[in-house]
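Contents: one structure, followed by commentary.
The values are calculated or read from the model by the stated rules, or taken from the named source; none is laboratory data. Owing to the predicted nature of the structure, the values given are computational and were not obtained by experimental measurement. Here the Cβ positions follow ideal geometry from the backbone for every residue, glycine too, while neighbour counts run over all protein chains shown.
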Amino acid sequence: MSVGGIVTGVHAAGYFIQQGTGAWNGLYVYDNAHQPALGDSVLVTGTVSEYYNLTELKTVTSFGIISSGNVQPVPVVVNCEGVNAEENEGVLVTASHVTCVNATISFGMWKIQDNNGDTAKVHNLLYAYTPTQGTMYDVTGPDYYSFNEFRVEPRAASDVVVITGIPVMNTSQDVSLYPNPAVTQLTLTGSKTITRVVITGLNGQVVKEITLNQQDKLEIDISGLQSGQYFVNLYNNTILESVKTFVKR
């Protein structure tokens, strides 16, 4: 089988590739003969295998770099349930607004917990980060499955962002989002600097993302979204400033 994608993570025994953004788009390639770089667009031929329930491409017979320096896929913003979901296996994810509840579990891992009380693990396959227990983070990396469990695999220090002094949910008075419920449009106003807006469903799947040059008053078109409840994650660069919720009708 031949498959192409952007390299999202690399270690000595293999690498992760991804086609597009979202669930079911990531794949781990077991290949210790080639060492692509992050952002390489590669075309790989090999055998698809289920290695203890990890879907991987192995026995690579052909490898080629199509281009380099490509933009990484947008991570899927997830909670811990999303980390542990099969559809995100191999996919670049961000476990958002999670707290380190155990910094020293075995095999280079640490445990995170979200606001729902669900837990997941972060591992050092690609990069070793030393967390502080009780600290809140955004953790980004490929979602890897091994030994019957999922783990987020950060690739560098920049993939682990400390969240300090940030309201957990809907408590910031510096940012307003209205109307709520909404039908076709949301309006975002406030005094905080917001450079990125990420709207996710309750399952953590990103449904809309907007990059801002500056914030004054922003109109967000939600006419294409299905009816239901959504999270609006408001970032200043890599810092999660606030999380709002709204209902789409």
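Can you pull out every residue in the range 92-151 that is surrounded by fewer than 17 Cβ atoms within 10 Å (Cβ to Cβ) and at positive phi?
Hits for the range 92-151 are Phe107, Gly108, Gly117, Gly134, Phe147, Asn148.
Between Val29, Val7, which is hydrophobic (A, V, I, L, M, F, W, C), more than 15 Å from Tyr145 (Cβ to Cβ), outside the structural domain of Leu126 (by TED's automatic domain parsing) and buried (at least 20 other Cβ atoms within 10 Å of the Cβ)?
Working: Val29 fails: more than 15 Å from Tyr145 (Cβ to Cβ).
From the options Val29, Val7, the qualifying one is Val7.
Hey, any hits in the range 156-177 for a residue that's over 13 Å from the mean Cα position of the chain (by Cα), farther than 30 Å from Ala37 by Cβ and modelled with pLDDT of 90 or more?
No, the range 156-177 contains no residue that is over 13 Å from the mean Cα position of the chain (by Cα), farther than 30 Å from Ala37 by Cβ and modelled with pLDDT of 90 or more.
List every residue pair whose Cβ atoms lie under 6 Å apart, where the two residues are 6 or more positions apart in sequence or sit on different chains, the first residue falls within the range 46-57 and is outside the structural domain of Tyr144 (by TED's automatic domain parsing) and exposed (fewer than 15 other Cβ atoms within 10 Å of the Cβ), and the second residue, located anywhere, is at pLDDT 95 or above and assigned to a strand (DSSP E or B).
Thr47/Lys58; Thr47/Thr59; Val48/Leu57; Ser49/Glu56; Ser49/Lys58
Is it true that Gly14 is surrounded by 15 or more Cβ atoms within 10 Å (Cβ to Cβ), in contact with an Asp or Glu (Cβ under 7 Å, 6 or more places away or on another chain) and either within 23 Å of Val83 (Cα to Cα) or not assigned by TED's automatic domain parsing to the domain that holds Asn124 (or both)?
Working: surrounded by 15 or more Cβ atoms within 10 Å (Cβ to Cβ): yes; in contact with an Asp or Glu (Cβ under 7 Å, 6 or more places away or on another chain): yes; either within 23 Å of Val83 (Cα to Cα) or not assigned by TED's automatic domain parsing to the domain that holds Asn124 (or both): yes.
Judged against the criteria, Gly14 is a match.
Of the conditions (1) assigned by TED's automatic domain parsing to the domain that holds Glu149; (2) modelled with pLDDT under 95, Val91 fails just one. Which one is it?
(2)
Please state which of the following conditions Gly69 fails to meet, knowing it meets all the rest: (1) surrounded by fewer than 19 Cβ atoms within 10 Å (Cβ to Cβ); (2) over 19 Å from the mean Cα position of the chain (by Cα); (3) part of a strand (DSSP E or B).
Failed condition: (3).
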